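For reference, the structure is listed below as structure tokens.
Every number here is computed from the coordinates shown, using simple stated rules; none is lab data. Everything numeric in this text was worked out from a predicted model, so none of it was measured. Using ideal geometry, Cβ is built from the backbone for each residue, glycine included, and neighbour counts are taken over all protein chains shown.
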Amino acid sequence: SQRVLLPQGFPDSVSPDYAPYQCWDSLQALCSSLAGSLSTRAVLEAVGVGDGAATVSGAALTWLLRGAQGMLGNSREFPKFPGI
């Protein structure tokens, strides 16, 4: 498994700060994934997913918002939406 996860020639082929960097980078990726999952859940609940009274248009809006969230999530500045 080390051959798959580590650079060729590790540890001699990388700088001494590679291991701490990789730990922080992995932690950041985990936190980013968790934040994306939690925000998706919040958006889906906000538009009525899981509610028996939800409509087909609500489901379509949910689908669109989910795609938009992925695009906006990569932005440095989140756009301001009136009323939200």
Computed lengthening from Trp24 to Ala68, 0.36 nm per intervening residue step minus Cα-Cα distance: 13.1 nm
Distance-filtered residues of segment 3-19 - backbone nitrogen under 20 Å, label point 7 angstrom along Ser32 Cα→Cβ: 5-7, 18-19
Charge tally in the Cβ shell below 14 Å around Glu45, where Lys, Arg are +1 and Asp, Glu are -1, Glu45 excluded: +1
In sequence order, calculated HN-Hα J values of segment 17-29 (Karplus, 6.51, -1.76, 1.60; Hz; x Gly/Pro): 8, 5, 4, x, 4, 5, 4, 5, 5, 5, 4, 5, 5
Segment 31-70: Cα Rg divided by the 2.2 N^0.38 Å rule of thumb: 1.18
